[in-house]
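A.B. asks: Quick one: the structure is below, and I'll ask about it shortly.
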Amino acid sequence: MTDLSPVTTGLDWIRARGIGVLAERMGIEFTEFSAAHSVATMPVEGNTQPVGLLHGGAYVVLGETMGSMAANYHAGPGRLAVGLDINATHTSSARTGFVTATCSAIHLGRTTTVHEIIVTGEDGRRCSTVRITNLIKEVPARSAS
């Protein structure tokens, strides 16, 4: 794992750790970050389904990225958060521009976290609501192979 000890803010932690190749390819960018509250954007272009709407799976990737990163930040050094459950309800569709997602902690426990991610289009309409539950566990020891 990357040494994150000199990190001073949530956004510094994100920059040091990285958000993963898939999230980077999709253009996800965090503008605020903590275990309890985060904001990120994602472009519609490049993440659409054949009819030109933002792909439903793209909303889920955005939500899982935000919730999992927040859960791992909450877990702290030597611990790891892994997804247990995720669900999404899509109520509108973005066709152009960017979507903005706001991730809010519902529960930050010792062994589980629950986050709700609300994704809106540039017009302010809610497009999707994602909820993710993560399990926090100790980082497994590497086997000597």
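The values are calculated or read from the model by the stated rules, or taken from the named source; none is laboratory data. It should be emphasised that the depicted structure is a prediction, and the values quoted were computed from it without experimental measurement. Neighbour counts are summed over all protein chains in view; Cβ atoms, including those assigned to glycine, are modelled from backbone coordinates with ideal geometry. Protein only, heavy atoms only, side chains kept; ligands, DNA and RNA dropped before computing areas. Shrake-Rupley method; radii C 1.70, N 1.55, O 1.52, S 1.80 Å.
A.B. asks: Which entry is the computed volume of the Cα convex hull per residue in Å³ for this structure: [x] 118; [y] 104; [z] 178?
C.D. replies: [x]
A.B. asks: A further question follows. Quick check: net charge around A40, other residues with Cβ under 10 Å of its Cβ, Lys/Arg +1 and Asp/Glu -1?
C.D. replies: Its environment carries a net charge of -2.
A.B. asks: Here's something else I'd like to know. Quickly work out the I106-to-Q49 label distance, labels modelled 7 Å from Cα along the C-beta direction, and quote it in nm with one decimal.
C.D. replies: 2.4
A.B. asks: Let me ask you something else. Would you kindly find the accessible area of I19, with a 1.4 Å probe and non-protein molecules such as ligands, DNA and RNA excluded, rounding to the nearest 10 Å²?
C.D. replies: 30
A.B. asks: So what is the relative contact order of region 17-58, in percent, for Cα pairs below 8 Å that sit 6 or more residues apart? Each step should come with its number before you reach the end.
C.D. replies: Numbers: 37 pairs, mean separation 11.4, N = 42.
The value is 27 percent.
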